[in-house]
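The values are calculated or read from the model by the stated rules, or taken from the named source; none is laboratory data. This one's a predicted model, so the numbers in the text were calculated from it and none came from an experiment. Don't worry about glycine lacking a Cβ; one is built from the backbone with ideal geometry, like all the others, and counts go over all protein chains shown. Side chains included, ligands, DNA and RNA excluded: accessible areas come from the protein's heavy atoms. Shrake-Rupley method; radii C 1.70, N 1.55, O 1.52, S 1.80 Å.
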Amino acid sequence: MRTYSCLQLVIWTCIFHMVDNSTLQGKDSSHFLRRIVNLKKDEGKMLHRAKRGWMWNQFFLLEEYTGTDTQYVGKLHTDQDKGDGNLKYILTGDGAGNLFVIDENTGDIHAAKRLDREEKSLYILRAKAIDRKTGRQVEPESEFIIKIHDINDNEPKFTKDLYTASVPEMSGVGTSVIQVTATDADDANYGNSAKVVYSILQGQPYFSVDPESGIIKTALPDMSRENREQYQVVIQAKDMGGQMGGLSGTTTVNITLTDVNNNPPRFPQSTYQFNSLESAPLGTHLGRIKANDPDMGENAELEYSIAQGEGSDMFDVITDKDTQEGIITVKQNLDFEKKMLYTLRVDASNTHPDPRFLHLGPFKDSAMVKISVEDVDEPPVFSKLSYLMEVDEDVKEGSIIGQVTAYDPDAMNNIIKYSVDRHTDMDRVFSIHSENGSIFTLKPLDRESSPWHNITITATEINNPKQSSQIPVFIRILDINDHAPEFATYYETFVCENAKSGQLIQTISVMDKDDPPRGHKFFFEPVPEFPLNPNFTIVDNKDNTAGIVTRKDGYSRNKMNTYLLPVLIFDNDYPIQSSTGTLTIRVCACDNLGNMQSCNAEALMLAAGLSTGALIAILLCVVILLTLIVLFAALKRQRKKEPLIISKDDVRDNIVTYNDEGGGEEDTQAFDIGTLRNPEAREDSKLRRDVMPETIFQIRRTVPLWENIDVQDFIHRRLKENDSDPSAPPYDSLATYAYEGNDSVANSLSSLESLTADCNQDYDYLSDWGPRFKKLAEMYGGNDSDRD
């Protein structure tokens with residue numbers, strides 16, 4: 001028992017050391033710790049140990065084991081194990097069964113695979129022992145830790161494969177550029193596997209690196225960007241504190257020197273030469289100059305200026321921000337006759353100088369610019385930019401109202417002639433003397449119609465008509481009191497029949513086309529012929545208006561329904577202008593409030609309440625009714641006068657109905673049937689009844705048809721006449737022709753031609769023709785008295 005007691009004490013000591021060095025403590029470890037603490041508290045007393053006996057042979061394991069056999073981890077053993085094989089050891093927890101295997105009879109633990117601390121550095125497992133027969137645990141389950149020891153199997157790695165940095169040029173030695181960082185996956189708490197040291201492999205002697213922090217710094221002073229701008233530095237990170245056998249990694253750092261304004265501008269040449277025509281407009285670009293600055297960006301921005309002195313008032317220089325060039329421009333009008341050559345001094349300076357480098361010298365440069373002025377044939381020049389002339393509107397024709405002058409600026413001093421641009425004086429009111437430029441009038445002026453005249457005068461060189469100039473001339477027409485005042489509007493004035501004396505019935509105002517400088521002032525008076533009007537009074541209100549006031553009580557429309565009141569109006573300008581305006585004052589019926597009701601005298605006879613509009617409507621209706629009656633009567637008369645058939649040739653397919661039975665055979669006056677049978681009895685020059693011709697045509701006389709015995713020829717002649725008749729209707733019609741001929745011995749026996757025959761014709765031969773002609777013989781064969 002004493003031997004076991006000593007053994008258990010050693011095991012507890014080992015377990016306490018393990019728990020003290022481990023980052024993870026299990027419940028059994030804390031249980032052991034409580035036991036030790038209780039032992040200290042009960043120091044001096046008799047201690048009784050609970051019987052328990054786990055035996056631990058090893059708690060650490062190396063990573064990346066490369067042996068052929070499995071790596072031995074440790075052994076589990078309990079006091080209850082008598083070595084008879086009745087106990088069975090079981091392992092559970094992290095990696096149990098695949099990474100860690102246990103011999104269930106002996107309790108030996110082996111690592112079945114290679115372990116990597118960087119993947120997992122700590123494994124927590126639980127062990128228990130059970131009775132094979134009963135399956136009961138003989139010891140409570142205990143937890144233990146397996147920690148993987150690190151080896152140097154990982155090289156340092158930088159956070160970036162490529163770094164980019166910049167540092168201003170001309171920086172001092174030791175100026176920080178950038179910091180690079182490398183990490184090592186090995187255990188930094190175990191040996192030097194993770195201790196990294198930095199060194200520079202490429203980039204010396206320009207840069208250096210701090211071995212501990214990895215900060216890259218400048219190693220040379222006053223490095224110039226203009227000489228070299230880009231640098232590539234290679235940095236190495238090595239573990240094991242940089243000792244032999246350590247692993248390493250590298251990275252590349254691209255370092256750019258940024259620009260500073262350490263270079264002044266410089267002109268590539270000291271003198272520039274430009275030419276300019278003397279007629280060059282203001283702002284004309286004459287040329288460009290440029291100073292070179294090796295700096296870049298805003299450090300190379302320049303500003304050009306012309307130094308005070310010759311030509312500074314005639315020329316200007318502007319800076320082109322895109323190209324950093326100076327542009328010489330014309331500032332004032334040039335004159336070859338006055339000065340032919342200008343010499344300028346142009347300065348170029350930096351706009352953003354750096355105070356740190358002012359000791360290097362002034363950051364500006366100067367160059368001389370010579371500008372030659374070339375002569376050109378210039379147009380005439382007027383003495384003014386514009387002319388303003390004033391003239392009275394009553395000036396006589398041909399009067400001179402002003403003068404313009406122009407001269408030739410060239411040395412030739414050519415003669416100038418003047419003219420008026422007629423596009424600006426279409427009415428030809430003004431003209432100009434071509435030699436001396438005197439402007440005079442051609443027509444009378446009227447301020448009221450045209451108060452201003454704006455004309456253009458042209459000056460042209462006689463020797464070179466292409467050289468001409470124009471100038472505007474503004475002519476103001478001054479007013480003359482040449483218009484009399486008149487009523488401002490037409491006044492419809494009325495006075496009530498019940499008006500009282502002194503009652504204002506109208507306020508009149510006037511207008512005047514003139515425009516006197518002191519303003520209008522008008523006066524109102526009765527005309528001298530009627531200085532005192534018994535009915536009305538004119539009252540001047542002294543404000544360019546006048547009032548018409550009644551002078552008696554009551555007016556009668558029956559006696560006088562309209563009064564004419566002449567008013568004399570005159571102004572106060574010189575010469576005084578006056579006019580007479582006549583007011584027509586009607587007498588009207590008004591109500592008690594003075595509102596007009598009626599002004600016509602005829603209205604007295606009309607019924608009360610009948611308005612003027614109603615009277616006009618009634619009158620209009622009467623006029624329309626009378627017009628309709630007249631038109632109807634005229635139409636009726638025209639219908640009665642028109643004959644039934646105008647010509648015997650004009651037979652159409654018309655149906656005419658006559659409700660007249662006639663008087664039998666004895667009625668010889670009803671209708672002239674003879675014209676239908678006898679061609680000799682036809683009437684000429686009669687118009688047709690069924691067509692109203694627009695123009696009365698001259699009826700042409702045709703060849704007598706009775707001279708032709710051929711009936712077919714007769715029909716063709718009639719058809720031709722009908723087709724060529726301009727008054728024929730456009731529609732199809734039927735013409736009937738009957739022709740008996742003229743070869744009968746007895747001629748015609750019809751009584752239809754009796755009216756056309758001679759009244760003294762002898763009809764006695766009818767008695768000899770037999771009983772058939774007895775009736776005719778009785779009618780025509782008797783004596784004259786019987787026929788009468």
(message) For segment 172-314, what are Rg and Dmax over the alpha carbons, in angstrom?
(response) 27.3, 92
(request) At 0.36 nm per residue, minus the direct Cα-Cα distance, what do Asn333 and Leu564 gain on full extension? Give it in nm, one decimal, please. (result) 75.8 nm
(request) State, as an integer percentage, the relative contact order of segment 415-535 based on alpha-carbon contacts under 8 Å between residues 6 or more apart. (result) 19 percent
(request) Rounding to the nearest 20 debye, state how big the charge dipole of segment 186-244 is about its Cα centre with +1 on each Lys and Arg Cβ and -1 on each Asp and Glu Cβ. (result) 120 debye
(message) Counting only protein heavy atoms and a 1.4 Å probe, tell me what percentage of segment 450-589's accessible area is made up of carbon and sulfur.
(response) 52 percent
(message) For segment 437-539, place one equal point scatterer on every Cα, skip the solvent, and apply the Debye formula. What is log10 of I(q)/I(0) at q = 0.10, 0.20 Å⁻¹?
(response) -0.57, -1.14
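Mind running the shape call on segment 132-203? Use the C-alpha gyration tensor, a ≥ b ≥ c as the square roots of the eigenvalues: rounded below 1.5 for a/c, prolate if a/b tops b/c, oblate otherwise.
Verdict is prolate for segment 132-203.
FRET efficiency for Gln273 and His352, Cβ-Cβ distance as r, R0 = 51 Å, nearest 0.05?
Efficiency, from the Cβ-Cβ distance: 0.95.
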(request) Starting from the Cα of Glu525, move 7 Å in the Cα-to-Cβ direction to define the label point; list residues of segment 573-599 whose amide nitrogen is under 16 Å from there. (result) 573-574, 576-581
(request) Quickly work out the Thr612-to-His433 label distance, labels modelled 7 Å from Cα along the C-beta direction, and quote it in nm with one decimal. (result) 6.4 nm
(request) Within segment 334-403, report the GluC sites (Glu not before Pro) that DSSP leaves as loop and that have at most 15 other Cβ atoms within 10 Å. (result) Glu337, Glu397
(request) Please report, in cubic angstrom per residue, the volume enclosed by the convex hull of the alpha-carbon atoms of segment 95-142. (result) 76 Å³
(request) Please find the FRET efficiency linking Glu141 to Thr183, where r is the Cβ-Cβ separation and R0 is fixed at 45 Å, and quote it to the nearest 0.05. (result) 0.70
(message) Relative contact order of segment 398-480, please, whole-number percent, based on alpha carbon pairs below 8 angstrom and at least 6 residues apart.
(response) 30 percent
(message) Using +1 at the C-beta of Lys and Arg and -1 at the C-beta of Asp and Glu, which of Pro264, Ala280, Ala291 has the Cα lying farthest in the positive direction of the dipole of segment 250-301?
(response) Ala280
(message) Using a Förster radius of 45 Å, what is the FRET efficiency between Asp161 and Leu122 based on their Cβ-Cβ separation? Nearest 0.05, please.
(response) 0.90
(request) Describe numerically, in nm with one decimal, the distance between label points set 7 Å from Cα along Cα→Cβ at Glu497 and at Ser509. (result) 3.4 nm
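With a 1.4 Å probe and every protein chain left in place, work out the accessible area per residue of segment 387-525 in Å², rounded to a whole number. Display every interim value, and only then the final one.
Details: 7780 Å² over 139 residues.
Result: 56 Å² of accessible area for each residue.
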(message) Could you give the length gained by full extension between Gln202 and Ala112, i.e. 0.36 nm per residue of separation minus their alpha carbon distance, to one decimal place?
(response) 27.8 nm
(request) Could you work out how far apart the two model spin labels at Ser450 and Asp320 are, taking each label as a point 7 Å from the Cα in the direction of the beta carbon, and quote it in nm? (result) 5.2 nm
(request) Give me the orientation-averaged projected area of the Cα convex hull of segment 70-210, in nm², one decimal. (result) 12.5 nm²
(message) Using 0.36 nm times the number of residues separating Lys542 and Ile151, minus their current alpha carbon distance, what extension gain do you get?
(response) 128.2 nm
(message) Please give the charge dipole size of segment 388-467, origin at the Cα centre, charges +1 on K and R Cβ atoms and -1 on D and E Cβ atoms. Round to the nearest 20 debye.
(response) 280 debye
(message) As a test of the definition: which semi-axes, in Å, follow for segment 369-411 when you take the square root of five times each eigenvalue of its alpha carbon gyration tensor? Largest first, please.
(response) 39, 11, 5
(request) For segment 128-228, give the percent of accessible area contributed by carbon and sulfur heavy atoms, probe 1.4 Å, rounded to a whole number. (result) 46 percent
(request) For segment 351-392, just list the percent of Cα-Cα distances falling in each 5 Å bin from zero outward, please. (result) 5, 10, 10, 8, 8, 7, 7, 7, 8, 8, 8, 7, 3, 2, 2, 0
